[in-house]
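The structure appears below as structure tokens.
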Amino acid sequence: MPLLESHVVGETSSNALKEDGEVDTLAWSIEYTKRLEEKGRFQLCIWPEHCLIGTPGHNVVPEVRDALEEWSDATGKSVEWVEKGQNLLTEMYSALCAEVPVNEKTSFNTHLLDSLKQSQKLLICGQAMSHCVNYTVRDIVENWPKDERNKITLLRDCASSVPGFEAASEEFIEEMMKAGTLTFITKAVAVVVNLNFELITTMNKSKKHEGPCC
């Protein structure tokens, strides 16, 4: 798939596409910066290299990985992994859509959203609260039924801000609470989950004694 598709980014980006299909990176950089600022979220920020494939920053930490494997073994289901930031011509803070979509893969991921909507409860955590968590949740909430936003819970103590962007996190949390989502610390959610698990376990045990023995 091409890195840049004119029908996705629009006619104003045509100067960045050469006749041979190659991208004029200077022309696109200027166009991209303008488009990014027009959205009102960000100015262009040059980040240090991070989360590179094969490095610890890209890997799942052992404690989380162990929990995912335990869940998978217990339920027989598999973890749905979603990659983002694979296109060098655009930034992708949100897991659902690039800041400036440049091809089909960086456009809004309706398949992922539909998958998330199947959840009875959507618990959200990760890094960083000020950026990737922030705009992933915003994209989810904006496309979620308003009367079901209380299914979305942000775990406040399982995400932190990029240093210097704490105010962005505080604004994000406040706006999401106003939008109808819930925010908790992990311990409070764990208590509810454990109670529900114990209730389900008890019910399953009682069902084993119902009816005649076969």
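Data for the structure
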item: Of all residues in the range 102-114 being open to solvent by 40 Å² or more (accessible area, probe 1.4 Å) and of a type outside the set (Asp, Glu), the one that is nearest to Thr25 (Cα to Cα); result: Lys105
item: Ile140 buried (at least 19 other Cβ atoms within 10 Å of the Cβ) and farther than 30 Å from Ser29 by Cα; result: no
item: Filter result for Leu26 (in a loop (DSSP other than H, G, I, E, B) and of a type in the set (A, V, I, L, M)); result: no
item: Residue count for the range 72-94, restricted to those that are within 17 Å of the chain's Cα centre (by Cα) and open to solvent by less than 90 Å² (accessible area, probe 1.4 Å); result: 10
item: Any hit, the range 124-133, residues being in a helix (DSSP H, G or I), in contact (Cβ under 8 Å) with a residue 24 or more places away in the chain and within 21 Å of Asn59 (Cα to Cα); result: yes
item: Residue ID - surrounded by the most Cβ atoms within 10 Å (Cβ to Cβ), chosen from residues in the range 26-53 that are in contact with a Leu (Cβ under 8 Å, 6 or more places away or on another chain) and among the polar types (S, T, N, Q); result: Thr33
item: Failed criterion for Asn150 (all others in (1) open to solvent by 20 Å² or more (accessible area, probe 1.4 Å); (2) part of a loop (DSSP other than H, G, I, E, B); (3) of a type in the set (S, T, N, Q); (4) closer than 17 Å to Thr183 by Cβ hold); result: (2)
item: Residue identified as in contact with a helix residue (DSSP H, G or I) (Cβ under 8 Å, 6 or more places away or on another chain), free of Cβ contacts under 8 Å to residues at least 60 places away in the same chain, among the hydrophobic types (A, V, I, L, M, F, W, C) and open to solvent by 80 Å² or more (accessible area, probe 1.4 Å) among Phe172, Phe184; result: Phe184
item: Single unsatisfied condition, Ala98 versus (1) small (Gly, Ala, Ser); (2) part of a loop (DSSP other than H, G, I, E, B); (3) open to solvent by 40 Å² or more (accessible area, probe 1.4 Å); (4) more than 21 Å from Leu182 (Cβ to Cβ); result: (3)
item: Selection from the range 153-170 of residues that are farther than 22 Å from Trp47 by Cα and assigned to a helix (DSSP H, G or I); result: Arg156, Asp157, Cys158
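Residue-by-condition table, conditions (1) at pLDDT below 90; (2) in a loop (DSSP other than H, G, I, E, B); (3) of a type in the set (D, E, K, R):
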position: Arg35; (1), (2), (3): yes, no, yes
position: Gln43; (1), (2), (3): yes, yes, no
position: Ile46; (1), (2), (3): yes, yes, no
position: Cys51; (1), (2), (3): yes, yes, no
position: Gly57; (1), (2), (3): yes, yes, no
position: Asp66; (1), (2), (3): no, no, yes
position: Lys77; (1), (2), (3): no, yes, yes
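The values are calculated or read from the model by the stated rules, or taken from the named source; none is laboratory data. Not measured: the values here are computed from a predicted model. Quick reminder, even Gly has a Cβ in these numbers, built from the backbone with ideal geometry, and neighbours come from all protein chains shown. These area figures cover heavy atoms from the full protein model, side chains too; ligands, DNA and RNA do not enter into them. Shrake-Rupley method; radii C 1.70, N 1.55, O 1.52, S 1.80 Å.
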